[in-house]
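The values are calculated or read from the model by the stated rules, or taken from the named source; none is laboratory data. Note that the structure is a prediction, hence the values are computed from the model and not measured. FYI the Cβ positions are ideal-geometry reconstructions off the backbone, even for glycines, and counts take in every protein chain you see.
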Amino acid sequence: MALLSKKDSNLILDPLADNNPITIQVLGICSALAITAELKASLVMAISVIFVMGIGNIVISLLRNVIPSKIRIIAQLIVVATLVIVVDQVLKAFAYELSKTLSVFVGLIITNCIIMGRFEAFALGNGVWRSFLDGIGNALGYGVILVIIGFFRELLGSGTLFGIPVLGDPIAKTGLYSIGYENNGFMIIPPAALIVVGIIIWVQRTRNKALIEEA
């Protein structure tokens with residue numbers, strides 16, 4: 001971040017930790033629950049949101065002085081919907097099987113409150129460069145949490161990472177691995193994502209006491 005000013009650097013660094021969209025702002029929880037049973041799906045969703053937020057914030061910033069205030073939400077929805085269509089078509093072209101798994105959830109990026117929130121709260125009032133950094137920073141913060149959740153859920157739930165066995169060689173169809181590991185089916189279901197998120201929140205607040213809300 002040496003090439004960036006401190007304020008610009010914070011636009012990227014703050015959402016990665018102490019102002020994370022999921023664990024601090026409690027936004028984007030639905031996708032964190034729904035698509036993180038596999039690390040590959042988590043990573044693809046993270047990359048998709050980074051693209052949509054980065055480009056979307058640029059477009060909204062460029063148009064901020066010409067969009068009538070009465071239709072700004074409609075304009076924002078059109079921008080994000082267009083970018084989501086691009087993402088969906090790219091996935092269908094290059095990762096068709098994964099696109100079928102993520103199809104519904106990629107479409108729901110349109111209603112992701114993190115994206116619409118950054119359009120409204122930042123891109124409409126700031127220049128292109130800072131808006132781009134803000135979009136990338138918040139998308140990275142979102143994506144990091146998705147990847148962490150996906151890593152632990154797939155590893156503990158299926159004994160694999162990216163579909164490759166890492167806890168030993170699978171034994172027939174028993175769900176057992178040669179090192180004696182037995183798949184934890186609970187990690188595959190959505191509530192397990194909440195447990196992982198809760199642990200991440202606990203670690204964050206242990207590290208930074210300022211994040212603990214006063215009673």
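If you go through segment 89-141 and keep only what is charged (D, E, K, R) and either under 24 Å from Thr36 (Cβ atoms) or surrounded by 17 or more Cβ atoms within 10 Å (Cβ to Cβ) (or both), you end up with Lys92, Glu97, Lys100, Arg118, Arg130, Asp134. Residues that are surrounded by 17 or more Cβ atoms within 10 Å (Cβ to Cβ) and either among the aromatic types (Phe, Trp, Tyr) or modelled with pLDDT of 80 or more (or both) within segment 156-177 comprise Leu156, Gly157, Ser158, Gly159, Thr160, Tyr177, listed in sequence order. If the condition is being among the polar types (S, T, N, Q) and more than 22 Å from the chain's Cα centre (by Cα), then segment 62-89 contributes Asn65, Ser69. Kindly evaluate Gly137 against the criterion of being touching a residue at least 12 places away in the same chain (Cβ under 8 Å) and under 27 Å from Gly56 (Cβ atoms). Yes; evaluated as a whole, the condition is true for this residue. Here the helices (runs of 4 or more DSSP H) wholly within segment 45-126 that include at least 3 residues being of a type in the set (Gly, Ala, Ser) and over 22 Å from Ile22 (Cβ atoms) are 72-94. Of all the numbered requirements in (1) within 18 Å of Leu146 (Cβ to Cβ); (2) surrounded by 15 or more Cβ atoms within 10 Å (Cβ to Cβ), Asn57 misses one, and that requirement is (1).
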